[in-house]
Structure formats: structure tokens, C-alpha cells
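The structure appears right after this line, and notes come after that.
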Amino acid sequence: MRKKYEVRCSSHRPADWDRYCDNDWLKKDALLFDETWEEGFTYHLHPEFGCYTFKRRMNLFTFGRFKLHVPITMVALPVSIDGEGYFGNLEALIHHLQEEGGLHLILNIRTLEKIPQGIPYGRTLDTCIFDNNYEDFETYVSVLRSPYRRRLRQALRRLGTVRIVKIHNETFDDQLYALYKAVLNRSKYPLETLPIEFFKTSKDDIHVFYHDQKPVAFVMVKVEKDSLYFLFGGMNYAKRDALDLYYNMLIYILRLGIKQKSKTIYFGQTAESSKERLGCRREKRYMCIFTGNKVINKVLSKLSLSKFKKLFEYKPDSRIYHVFAEKNKDTFT
């Protein structure tokens with residue numbers, strides 16, 4: 001018999017949330033989306049687990065060729081980063097959500113072992129991670145194989161006279177917000193649109209690229225102990241190719257991480273090939289989708305284990321990039 005869980009649900013963060021929460025991305029001071037995000041979401045808190053959920057109408061076959069937009073309750077960070085949107089016992093959480101009914105999707109689960117047997121699952125976007133063992137950026141450049149070193153230097157030359165400045169977040173204005181929206185509108189896998197107040201009130205670092213006195217791009221990063229996280233970016237697509245903007249944004253994040261002695265630089269999901277060409281490695285992330293209806297779950301589970309799994313599961317690029325020189329291949333792959 002399924003155990004019945006008594007869960008506190010609220011549209012506001014419970015006062016004792018941080019006391020139970022062991023997921024840094026979900027803590028009060030990590031991100032301010034709950035204070036600035038225009039759409040509502042629900043906190044779920046139980047001694048065995050915690051999460052927040054929000055409802056979206058999305059394409060069930062986001063990673064496939066077909067389209068079927070259905071209402072789904074999401075368990076995910078509503079800021080499109082690769083962290084988990086829950087903490088604690090995943091099986092207990094799933095039981096609770098099944099009692100609520102409807103279709104649920106949990107994103108960015110770290111390992112398959114966490115997913116209970118019988119729950120339909122699949123791959124979601126891989127995340128890209130750079131392991132930093134360099135004293136400085138020049139040392140990193142020196143161990144690249146010549147094609148990758150040449151590509152990097154070519155990008156830096158195209159950047160030319162672009163000036164990069166760390167701004168005060170409260171000065172984040174409509175021009176910069178338009179750059180964020182430009183990237184969001186071109187995203188293959190859009191999840192949400194954060195309001196401008198999110199950027200204005202965030203405590204994370206925003207670095208702006210200026211060309212001819214006008215902002216053409218920005219990156220937003222989170223610096224935490226010995227790690228650096230790439231959170232968001234914005235870009236003027238009219239200037240993208242001439243200035244090699246996107247690649248230079250990635251290079252700049254890499255330089256920041258090396259300069260600040262970050263042991264790990266988290267580049268996030270999407271655009272894996274560009275990030276791998278800088279020397280990132282991939283880590284798998286998983287998702288599970290389920291309802292409170294056993295029959296539907298059984299159908300979904302069979303689908304996720306069959307040849308039709310490719311209809312809704314993410315399929316990564318299979319190419320492998322040998323970025324580092326032969327003498328470094330045992331350390332960097």
C-alpha cells in the first residue's frame with residue numbers, strides 16, 4: 001500500500017525552508033526568482049523531501065521531431081540551469097506528486113539510480129564542465145592542440161576593441177534585457193522568461209561587452225567558493241559573427257574562472273560543441289515523467305524503454321573533440 005505523505009504546500013517559501021534544504025540552488029539567498037518571477041509556483045516541504053513546482057504548457061517531444069503541447073507540472077529550477085529542483089528522497093517526492101494527479105516532469109536528475117523502478121525516464125540536456133588545473137590563461141592556451149589554439153586566437157582578434165566591464169546589477173537596463181530576450185527567443189529549449197527585476201536584484205556578477213559605446217553582449221556568473229557557474233547571457237545577433245561574440249563570451253567565462261582559481265567551471269547546458277572545443281567534458285542529466293495514473297505510467301515506461309524513446313529523449317552529438325596536446329591527454333579528455 002502506498003504511503004500517504006503529509007506535505008506542507010505554500011505559494012511562499014516556508015520560514016524553516018533553509019533549515020531542511022541541502023540543495024544550495026534552492027536556498028533563500030541563492031537566487032531571487034521567487035521574488036521577481038511573474039508566474040506563481042508552489043513550495044512542497046516534508047521531512048523527507050522538498051521542492052517547488054510550477055505549471056507550464058510545453059511540447060512533450062521537445063527533443064524529437066513531433067509536437068504535442070500539454071500542461072505539465074515541472075520540478076526544476078525555473079532559471080534553466082542544470083541544478084536539481086528538489087532535495088531529499090526522490091521516491092517519496094514522486095509518490096506525493098502522483099497523489100496530486102496530472103502530468104509531472106522532474107528535470108536534471110544526476111544519476112539513474114535515484115529514479116524508482118517503473119517510473120518513465122530519459123536523457124535530458126547534458127551539462128558541460130571544465131576542470132581547471134591552470135595557473136593562468138596563457139598556460140591553458142599553451143596546452144591546446146594547434147587547431148583549437150588557432151581558433152581561440154582568431155576569436156580574440158575579432159573581439160578587437162570591445163571593452164568588458166563588470167556592472168552594478170541595479171543598472172541592468174532595457175538594452176541589456178533586450179539582449180537576454182534575443183537569446184531566449186532563439187533558444188531551442190526555452191523554459192521561462194525572467195523579468196528584468198531578476199537581473200537588477202540578483203547578487204551574482206554581470207559582465208557587459210561594449211562595442212562602439214553600446215552593449216552587444218553580457219554574461220552573468222555565480223562565483224561560489226572554488227566554483228564558477230555560467231548562469232545567463234545576452235547577445236546582439238547582428239554583431240555575433242563579426243565579433244565572434246558567443247565564442248568570446250565562453251572564452252571570457254573561462255578566463256574569469258582561471259583568474260579566480262576556480263577548480264570547476266560550470267558552463268551549463270546547450271551549445272555543447274562550442275564548450276567542448278574549449279576543453280569541457282560532459283555530464284549526463286536525466287528526467288522522469290509520470291502521472292498518478294498507473295496505466296498511463298506503464299505506457300510511458302514502455303515508451304521510454306523502447307525504440308520510440310528517441311521521440312522525447314535528448315540525443316547528444318556523438319562527436320569527440322581532442323582539444324589538448326598529446327602529453328595532456330591522460331588528464332584532459
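Taken together, the values in this text are just the output of simple stated rules run on the coordinates, not laboratory data. Only a predicted model underlies this, so the values are computations on that prediction, with no experimental measurement involved. For neighbour counting, all protein chains shown are included, and Cβ atoms are generated from backbone atoms with ideal geometry for every residue, glycine included.
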Inset, instruction - Give me the Kirkwood hydrodynamic radius of the range 185-243, using the inverse of the mean 1/r over all pairs of distinct Cα atoms, in Å to one decimal. - result: 13.2
Legend entry - Label-point separation in nm, T139 to E99, each point 7 Å along Cα→Cβ: 5.4
Legend entry - Dipole of the range 130-184 [Lys/Arg +1, Asp/Glu -1 at C-beta], most positive-end residue of L176, P147, V162: P147
Legend entry - Contact order relative to length of the range 195-267, as percent, for alpha carbon pairs under 8 angstrom and 6 or more apart: 26
Legend entry - Label-point separation, I320 to D16 (7 Å along Cα→Cβ), nm: 5.1
Inset, instruction - May I ask you to order 20-28, 267-275 by the average number of other C-beta atoms within 10 Å around their residues, highest value first? - result: 267-275, 20-28
Inset, instruction - Could you calculate the FRET efficiency of R186 with K263 from 1/(1 + (r/R0)^6), where r is the beta carbon distance between them and R0 is 41 Å, rounded to 0.05? - result: 0.80
Legend entry - Violating pairs (Cα-Cα greater than 19 angstrom) within the set K114/K284; K114/K222; K55/K294; K114/K275; K166/K275; K263/K315: K114/K222; K55/K294; K114/K275; K166/K275; K263/K315
Inset, instruction - Could you grab the relative contact order for the range 141-231? Cα pairs under 8 Å, six or more apart, rounded to a whole percent. - result: 28
